[in-house]
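Participant: First the structure, then my questions, so here it is.
The values are calculated or read from the model by the stated rules, or taken from the named source; none is laboratory data. What you are looking at is a predicted structure, and each value in this text was computed from that prediction instead of being measured. Cβ sites come from the backbone with ideal geometry, for glycine too, and all protein chains shown count toward neighbours.
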Amino acid sequence: MIDQEEVELESELIEVIASNNIEAGLIRLLKDHRFQHKSLTKNLAKLHNSQNIDVLDFFNSPLISHEDLTNCINQHLDVIALIEAPTKKVLDTILLIQSRVDYCYAPVDKFLNDNEKRIESSVELLIENPTKLLSFLRTILRSYSKIDVEKSYKLANKLIVNPDIKVQIEAIYAIGYLVYAEKDTLLEDGIHLISSLLQNNTDESLLTACLSSLNEICKKDESLRAFSNDCLNLCLQYKSSKVLEEATRIAWLDSKYLTDSWNNCILSYFSKFTIVELSKRSGADHAFTALLKKENNKDALSLLEHLIASNTDIHFTFESWHDVSTAIWANEVVDRDKLITRWFHTGNYNLCKAASDLIIKKGQYTVQVSQIEEKDNYFYIARKAVGWLFVKPKAATYFVLSILDYCEHSDFDKISDLLFYPLLMNTPYSVKEVIEKHIEGLDKRKKKAKFLRAILTKSEKRQEILKQACSNKELHPSTQQREALGRKKYFENEAMMKEVHEKSIFSSIFGKSKVMLYGNKSVFLQHGNNGESKRQVMPLGKTSYSTEIPLFSSIDSIGLNRLINTFRGE
């Protein structure tokens with residue numbers, strides 16, 4: 001079936017080529033068969049090589065619009081790798097397309113491949129005008145290195161001193177991407193060359209190119225990592241957004257190649273930036289995750305904590321570091337409970353907020369306290385947890401209950417007060433559910449179980465008092481008063497809607513009639529192919545959502561807010 005489709009496609013191509021308007025016919029064909037672009041590309045190359053059509057002339061045609069060039073031609077540039085054509089004409093065609101569209105990828109490397117004649121021709125063109133062939137410089141030099149790496153390296157050296165800074169930068173990148181022999185002495189020479197370029201040079205694009213090239217050289221010979229430390233420090237000597245982008249890319253994508261000394265240099269460079277500045281780089285989150293996943297991650301974790309603790313931007317949230325927070329939550333990089341306990345224990349506002357962001361984002365309440373040396377500080381940690389996790393009462397309760405396993409018995413009464421107020425008194429149903437589930441796993445004869453049951457009993461009595469107080473009719477408006485308020489609101493809304501309709505430009509489009517829908521089912525007509533209509537009845541389902549609002553937000557909101565903020569800020 002596929003062979004038949006290819007035959008039909010080839011015959012369509014031949015018909016188009018025989019027509020008077022080849023450009024329009026080919027564009028139409030490319031649009032109609034956009035999902036068969038591989039077969040179409042293959043047939044285009046076949047017809048080009050049999051001299052039935054010149055694909056490059058078609059690409060160069062001024063009759064092709066910018067839209068067609070972007071949407072149709074761009075995805076068929078793979079044909080360049082399959083055709084026989086002069087190297088100069090191929091490169092000139094690609095340059096023309098690049099000048100006319102926003103983005104263009106052409107497989108120049110596949111066109112050059114291992115064809116010595118094409119490679120040598122491209123090298124001659126590059127030497128003649130490196131600025132013109134700037135976008136192909138790396139590809140040409142890499143292909144040239146497959147034939148003769150020494151000549152390619154020397155040419156790159158020559159281009160590095162070119163007056164055009166862009167040519168210099170591309171040549172530096174090329175040094176790292178050449179195809180070297182194993183343990184080639186040119187690799188060490190490349191490091192010396194990069195070091196010499198970095199002396200008294202502050203151009204961030206050049207520094208970025210040197211860093212990238214240095215990393216690529218060391219990937220080819222891991223023994224050079226230790227030798228390259230001084231050169232790496234020179235690359236990272238200045239604070240730069242471009243260098244930061246490259247450093248994060250290396251730490252993320254090339255993590256498995258990096259030694260401890262390289263990791264430390266990169267972490268030292270990261271410390272020059274704030275966490276907000278790092279957040280603006282998409283790779284920073286991935287880079288820190290990769291560094292934290294290493295066996296020796298102590299320095300990376302310390303830096304992360306320092307960056308969070310020293311943050312001054314109130315809009316920063318730790319959840320924006322998605323990969324890092326996910327890895328921490330999954331216990332992939334560090335003991336999650338130990339880390340969150342330490343962050344609460346520090347009392348640092350930003351670290352406590354980061355801990356709460358981490359728990360609240362995941363929407364779970366399975367975080368427990370980790371054992372600490374200073375047993376007297378467990379109550380302090382409990383207050384921090386209640387303050388920061390108050391909006392997630394289940395999480396706060398679960399965390400505080402876990403503290404009872406480590407704290408002194410003398411602290412039980414203090415923690416009892418925390419569980420009672422603000423937790424049980426504000427969100428009794430959520431907190432009670434967690435405590436009752438916790439009691440189920442305890443020995444009922446133990447002090448802890450008795451202690452928790454006493455808290456629940458105390459809470460139930462207090463809730464009963466509140467319910468009795470709320471039942472006093474003096475606290476509620478009468479039926480007559482409620483009806484009067486309802487009528488008042490109705491007339492106010494009517495007047496407001498009337499005013500809006502009079503001033504609205506859409507009043508003539510939409511009708512003013514009101515329709516009230518009610519019932520337990522929906523009826524509609526379904527039209528069939530034969531023109532007949534069938535009555536369909538769909539029962540309406542019921543859905544609901546409930547949330548528990550802290551009781552004291554209406555009884556004593558100021559006092560509650562003051563208490564929560566005290567817990568957070570102390």
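Participant: Quick check: anything in region 402-416 hydroxyl-bearing (Ser, Thr, Tyr), under 24 Å from residue 331 (Cβ atoms) and surrounded by 23 or more Cβ atoms within 10 Å (Cβ to Cβ)? Please lay out each step first, then the result.
Facilitator: Here is the first cut: in region 402-416, the residues hydroxyl-bearing (Ser, Thr, Tyr) are 402, 406, 410, 416.
Adding the requirement that they be under 24 Å from residue 331 (Cβ atoms) leaves 402, 406.
Still in the running and surrounded by 23 or more Cβ atoms within 10 Å (Cβ to Cβ): none.
No, there is no match, as no residue in region 402-416 is hydroxyl-bearing (Ser, Thr, Tyr), under 24 Å from residue 331 (Cβ atoms) and surrounded by 23 or more Cβ atoms within 10 Å (Cβ to Cβ).
Participant: Scan region 232-256 residue by residue and report those that are of a type in the set (Phe, Trp, Tyr) and surrounded by 15 or more Cβ atoms within 10 Å (Cβ to Cβ). I'd like the intermediate steps shown before the answer.
Facilitator: Going through region 232-256, the residues of a type in the set (Phe, Trp, Tyr) turn out to be 238, 252.
Passing the criteria: only 252.
Participant: Might you let me know whether region 556-569 holds any residue that is in a helix (DSSP H, G or I), touching a Phe, Trp or Tyr at 6+ places or on another chain (Cβ under 6 Å), in the same structural domain as residue 388 (by TED's automatic domain parsing) and of a type outside the set (Lys, Arg)?
Facilitator: yes
Participant: With the checklist (1) among the charged types (D, E, K, R); (2) crowded, with 17+ Cβ neighbours inside 10 Å; (3) in a loop (DSSP other than H, G, I, E, B) in hand, flag the one item residue 84 doesn't pass.
Facilitator: (2)
Participant: Determine whether residue 410 is more than 16 Å from residue 564 (Cα to Cα) and small (Gly, Ala, Ser). Lay out the reasoning, then the answer.
Facilitator: Numbers: more than 16 Å from residue 564 (Cα to Cα): yes; small (Gly, Ala, Ser): yes.
So residue 410 passes the test.
Participant: Moving on to the next point. State which residue is surrounded by the most Cβ atoms within 10 Å (Cβ to Cβ) when the search covers only region 302-323 and only residues that are modelled with pLDDT under 95 and assigned to a helix (DSSP H, G or I).
Facilitator: Filtering region 302-323 for residues that are modelled with pLDDT under 95 and assigned to a helix (DSSP H, G or I), the one surrounded by the most Cβ atoms within 10 Å (Cβ to Cβ) comes out as 318.
Participant: Residues that are modelled with pLDDT of 85 or more, within 19 Å of residue 101 (Cα to Cα) and assigned to a loop (DSSP other than H, G, I, E, B): does region 34-54 have at least one?
Facilitator: No, there is no match, as no residue in region 34-54 is modelled with pLDDT of 85 or more, within 19 Å of residue 101 (Cα to Cα) and assigned to a loop (DSSP other than H, G, I, E, B).
Participant: Okay, next question. When you scan region 55-70, how many residues do you find that are loosely packed, with under 15 Cβ neighbours inside 10 Å, in a helix (DSSP H, G or I) and either modelled with pLDDT under 85 or in contact with a strand residue (DSSP E or B) (Cβ under 9 Å, 6 or more places away or on another chain) (or both)?
Facilitator: Summing the residues that are loosely packed, with under 15 Cβ neighbours inside 10 Å, in a helix (DSSP H, G or I) and either modelled with pLDDT under 85 or in contact with a strand residue (DSSP E or B) (Cβ under 9 Å, 6 or more places away or on another chain) (or both) in region 55-70 gives 2.
Participant: Using the structure shown, decide if residue 183 is more than 28 Å from residue 241 (Cα to Cα), basic (Lys, Arg) and surrounded by fewer than 20 Cβ atoms within 10 Å (Cβ to Cβ).
Facilitator: Working: more than 28 Å from residue 241 (Cα to Cα): yes; basic (Lys, Arg): yes; surrounded by fewer than 20 Cβ atoms within 10 Å (Cβ to Cβ): yes.
In short, yes.
Participant: I'm trying to understand the selection: among the residues of region 464-481, which are part of a helix (DSSP H, G or I) and within 29 Å of residue 428 (Cα to Cα)? Full working, then the answer.
Facilitator: Narrowing region 464-481 to residues part of a helix (DSSP H, G or I): 464-470, 473-475, 479-481.
Scanning region 464-481 gives 464, 465, 466, 467, 468, 469, 470, 473, 474, 475.
Participant: For residue 377, are the conditions met, namely being at pLDDT 95 or above, surrounded by fewer than 18 Cβ atoms within 10 Å (Cβ to Cβ) and over 26 Å from the mean Cα position of the chain (by Cα)?
Facilitator: On the way: at pLDDT 95 or above: no; surrounded by fewer than 18 Cβ atoms within 10 Å (Cβ to Cβ): yes; over 26 Å from the mean Cα position of the chain (by Cα): yes.
Judged against the criteria, residue 377 is not a match.
Participant: Further, regarding this structure: Out of the residues in region 421-451 meeting the condition of being of a type in the set (D, E, K, R) and more than 24 Å from residue 550 (Cα to Cα), tell me which one is nearest to the chain's Cα centre (by Cα).
Facilitator: As a first pass, look at region 421-451 and keep what is of a type in the set (D, E, K, R): 432-433, 436-437, 440, 443-448, 450.
Applying the additional criterion that residues be more than 24 Å from residue 550 (Cα to Cα) yields 440, 443-448, 450.
On the way: 440: 41, 443: 46, 444: 48, 445: 51, 446: 48, 447: 48, 448: 44, 450: 48 Å.
Going through the qualifying residues, I end up with 440.
Participant: Here are 389, 423, 404: which of them is under 22 Å from residue 446 (Cα atoms) and in the same structural domain as residue 556 (by TED's automatic domain parsing)? Give the steps one after another, and end with the answer.
Facilitator: Details: 389 fails: under 22 Å from residue 446 (Cα atoms); 423 fails: under 22 Å from residue 446 (Cα atoms).
That would be 404, the only listed residue that is under 22 Å from residue 446 (Cα atoms) and in the same structural domain as residue 556 (by TED's automatic domain parsing).
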